[in-house]
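Report on the following structure.
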Amino acid sequence: MAKEVKSKKGGKGKGKEPETEISEKPLPEPRRPGTSGTENVLITNRRQASEQFQKAQRAEKAYRAKKHATAARTNYNETKAHFAEARTHFAQGCKGVLSVVRAVPYLLSEKREARRRARDAARRQRDLERKQKLEEALARQNTVDDDDRSDMS
């Protein structure tokens, strides 16, 4: 209900504020528009179609979410397995590096021994060649000395 303010102007007291009286009037009742049955059916059909469309959209979103979630779950499990395998391989690699670091002195001594053997073999070969040259020179000298002695006799 709306309140309406009415003012009364009295003849007495010029310059005074007018007296106010509050009275309540009921609002007019809203009139129903005259609608035909066809219009009501169309409105109902539109609302039902809108609701069906919204339901279909929700179902489509749920389907897409389920599909993507399944793919994501698969990827997650595969990735988790790869990381687990990588972790074990990394641990094996670290163990291998440690064993190699511990074995470095042995590797170096083996290489040193191989170089020493090669050096000794080369030295023996050179010594043999020198010995052969000296023996040949001695043999030549002995033959020359024998020839000289036989010439002198």
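For the reader, a short list of remarks on this structure follows.
- Flag if Asp146 is in a helix (DSSP H, G or I), at pLDDT below 95 and exposed (fewer than 10 other Cβ atoms within 10 Å of the Cβ): no
Conditions tested, residue by residue: (1) modelled with pLDDT under 70; (2) of a type in the set (S, T, N, Q); (3) surrounded by 10 or more Cβ atoms within 10 Å (Cβ to Cβ).
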site: Lys6; (1), (2), (3): yes, no, yes
site: Ser36; (1), (2), (3): no, yes, no
site: Asn45; (1), (2), (3): no, yes, yes
site: Phe53; (1), (2), (3): no, no, yes
site: Arg58; (1), (2), (3): no, no, yes
site: Ala69; (1), (2), (3): no, no, yes
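- Close pairs (9 angstrom Cβ cut-off, 6 or more residues apart or separate chains): touching a residue at least 24 places away in the same chain (Cβ under 8 Å) in the stretch 104-116, not β-branched (Val, Ile, Thr) anywhere: none
- Residues in the stretch 120-134 that are at pLDDT below 95 and open to solvent by less than 100 Å² (accessible area, probe 1.4 Å): none.
The values are calculated or read from the model by the stated rules, or taken from the named source; none is laboratory data. Here the structure is a predicted model, which is why all the values come from computation and not from measurement. Note: ideal-geometry Cβ built from the backbone for every residue, glycine included; neighbour counts use all protein chains shown. Keep in mind that these areas ignore ligands, DNA and RNA; they rest on the heavy atoms of the full protein, side chains included. Shrake-Rupley method; radii C 1.70, N 1.55, O 1.52, S 1.80 Å.
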